[in-house]
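Read the structure below first, then the notes.
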Amino acid sequence: MSKAAELANLIGNINAGGGGVNRNLIINGAMNVAQRGTSFADVSSGTYTLDRFIRFKNHDGAVTITQDSSSPDGFSNSLKVDVTTADTNLTGTQNEVFGHKIEAQNLQSLSFGTSSAKNFTVSFYVKSNKTGTYALNVVQSDNSSKSATLNYTIDSANTWERKSVTFTGDASGVINDDNGIGFEMSWFLAAGPTYTSGSASASFATFSNANYAAGQTVNLLDSTDNEWFITGVQLEVGQNPTEFEHEPFERTLEKCHRYCYVFTQNSAEGGGLVTFANAYATTAIQGGRSLPTTMRAKPSTNFTGNIRVGNGVANFNSSSTSVGGNESSVNQLHFYIGGFSGLTQHQGYFAHMQTNGNTFVVSSEL
């Protein structure tokens, strides 16, 4: 796209109520942030992979999702889906989906549910050896529970192509001004006939299984030779795709921390969960620390590894990876960890992760 055309698109979106700085409503669209890791081997449906991007599945095959260095000019990373076990015969509601959820209060500029409802455009770079037609669905579940589906086509194998689709603003579908799910976006990589028998449309309508992946003809799962890459994902107000809005890494990371913060023990970089704790029993500690940013909602925790506590005289190692404690808030982490022996009840200890690679995931994902 020429600079003149790019400027015209941007001006058109500004006139439509979008454009400008912070126009991209997708977080981590350049796939640069990967707090949970860079490789995910056939993780279960509903698992977040690279930050803010989630995998859904219902089929007999398997895929591995990785942060990959293959990318179009101007980018350093992409998300790669590599088929490791094929499923050549999709039936019913079987599917493979790459998804992204957007917080409702971040979508208020779309003015859904009013006569001023605005169109929006989703653009992205995509590459695959598997050419053909794919479906992109957007569900808006507040109040009216509506969805819309549009198609894009990969024309040339193993070539980065930029795609864009424009959805019609919905004057009747109110998006609540809260911290719940505003949009749930689904890039279909494979879909059974229950989801493909309907018709694609840019307009939001009552959710229908038949229209969920309407127009999808590609089954990425039909061979272990298949792979699919995406990066540069952008959702903006208006009917025109504009140049991807790059932002500093630290700004993207800060946005991601609203939904997930990972303490990781790494000898080269330090870090990990380091705090003071109190022994509320001879076998367990309780502790807490401030979180670096306000999270979307009260978080849950998941710990992989072991905790060591010390008092300047002796060290004690936990044999448990179970973390309890639901007194955490959007600003403060509070936890209980058991599996110790020999602690002095009510004594204070210095607590830290024991081994490189240990992770403590604090999550308030949508």
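Please treat every number below as a calculation from the coordinates, not as lab data. None of these values were measured; they are calculated from a predicted model. Counting neighbours? That spans all protein chains shown, and the Cβs are built from the backbone with ideal geometry, glycine included.
A few notes on this one:
- Once the C-beta distance of Asn317 and Asp177 is scaled by a Förster radius of 41 Å, the resulting FRET efficiency is 0.30 to the nearest 0.05.
- Listed pairs Lys130/Lys298; Lys127/Lys255; Lys163/Lys298; Lys57/Lys255 exceeding 31 Å between Cα atoms: Lys130/Lys298; Lys163/Lys298
- Helix-derived mean residue ellipticity, 222 nm - over the chain, DSSP H n ≥ 4, -39500 (n - 2.57), to 500: -2000 deg cm²/dmol
- Cut-off 14 Å, label 7 Å out along Cα→Cβ of Thr304, residues of the stretch 239-263 by amide N: 262-263
- With respect to the chain, whose longest principal axis is taken over its alpha-carbon atoms, helix 3-15 is tilted by about 80°.
- Dipole orientation for the chain: of the candidates Tyr259, Asn219, Ser318, Ser318 has the Cα lying most toward the positive pole (charges on Cβ; Lys, Arg +1; Asp, Glu -1).
- Two-site label geometry, Arg162 and Thr85: point separation in nm, points 7 Å out along Cα→Cβ: 3.9
- Relative contact order, whole percent, for the chain stands at 18, derived from Cα pairs under 8 Å and 6 or more residues apart.
- The spread of Cα positions in the stretch 37-94, taken along each principal axis and listed from longest to shortest, comes to 40, 21, 17 Å.
- Cross-link reach is defined here as a Cα-Cα straight distance under 19 Å, omitting same-chain residues fewer than 8 places apart; for Lys146 the lysines meeting it are Lys101, Lys118.
- Dipole moment magnitude, nearest 20 debye, the chain about Cα centre, only Lys, Arg, Asp, Glu C-beta charged: 580
- Residue among Ala41, Ala213, Ala104 with the largest mean-square fluctuation in a Gaussian network model of the chain, springs linking Cα atoms under 10 Å: Ala41
- Cα-based Rg and Dmax for the stretch 214-318, where Dmax is the largest Cα-Cα distance (Å): 22.0, 67
- Alpha carbon centroid spacing (whole Å) that separates the stretch 223-245 from the stretch 148-210: 13
- Between the beta carbons of Asp60 and Ser341, assuming R0 = 45 Å, the FRET efficiency works out to 0.50 to the nearest 0.05.
- Percent of C-alpha pairs per 5 Å bin in the stretch 105-181, short distances first: 3, 14, 22, 20, 13, 11, 10, 6, 1.
- Per-pair calculated FRET efficiency, R0 = 25 Å: Ser145 and Asp225 via Cβ, rounded to 0.05: 0.05
- Spherically averaged projected area of the chain from its Cα convex hull (nm²): 19.4
- Once the chain from Glu245 to Asp73 is taken as fully extended at 0.36 nm per residue, the excess over their C-alpha distance is 60.5 nm.
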